Amino acid sequence: MNVSWDSLNEMIESCQKCDLCREINHKVPGQGDPHARLMLIGEGPGFEEDRSGLAFVGPAGQLLTKMLLSIGMNREDVYICNIVKCRPPHNRIPEPDEAAACLPYLRMQFALVRPRVIMLLGATAGRYTLGDNFRVTRDRGRFVLKSGIWFMPTYHPSALLRDETGVKKREAWQDLQAVRDKLAELDTVE
Ligand code: URA
């Protein structure tokens, strides 16, 4: 794995592998600690992210910041990115060909950051990293070990913002605690 952060960011910046890049204001590669032990992956940039070029800075991102603080972490401690680096029109779910075009960049980000744990935020992040059979309501909350990385699927923060019953919020809180505990456990064996 020879790519550097600079060349990866240039590749993303100049990418025209799918049509998503046609109508955006900014690419949103991702940001945070380049050697974070915890990485978070969402679906794709929204309105605020497209305007700023930064992942998870809108309402879902503000909730994500609070979620991280609840397990004693700051955004600067983690690496945050998305399955696709360009905003899909009207925030629609990325199409399989769009995700496929962008996934090599995510793989390069895995290789550069080398996180111990990855939180998958929502169905799209789950499907494109764990496979087509992934269902967030069924599969969230259980770690999957893949290529030496512990993946924890959970709800997307946007789903938590819409969660009127509080059930998903409670489950996401359990998932976060499991991530905190896994990081602590990995600390003791490293
Ligand atoms: N939703 C996502 O999936 N990613 C972002 O960066 C913002 C909102």
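Some points to look at:
- Shape category assigned to region 51-116 from the gyration tensor of Cα positions, a/c cut at 1.5: oblate
- Mean Cα-pair separation over length for region 36-101, i.e. relative contact order, pairs under 8 Å, 6 or more apart, %: 48
- Of the beta bridges in region 91-190, as assigned by DSSP with both residues counted there, near 40 percent are antiparallel.
- Three-way shape label, region 55-190, alpha-carbon gyration tensor, a/c 1.5: rounded
- Going by neighbour counts of Cβ atoms within 10 Å, the residues F56, F47, F151 line up, fewest first, as F47, F151, F56.
- Highest mean packing comes first when the peptides 82-88, 135-141 are listed by Cβ atoms within 10 Å, giving 82-88, 135-141.
- Cα shape, region 1-105, gyration tensor, a/c 1.5 rule: oblate
- For a label point 7 Å along the Cα-to-beta-carbon line of N74, residues of region 33-61 with backbone N under 13 Å: 33
None of the figures in this text is laboratory data; all of them are computed from the coordinates on show. In this text, all values refer to a predicted model and were calculated from it rather than measured experimentally. Cβ: placed from backbone, ideal geometry, glycine included. Neighbour counts: every protein chain shown.
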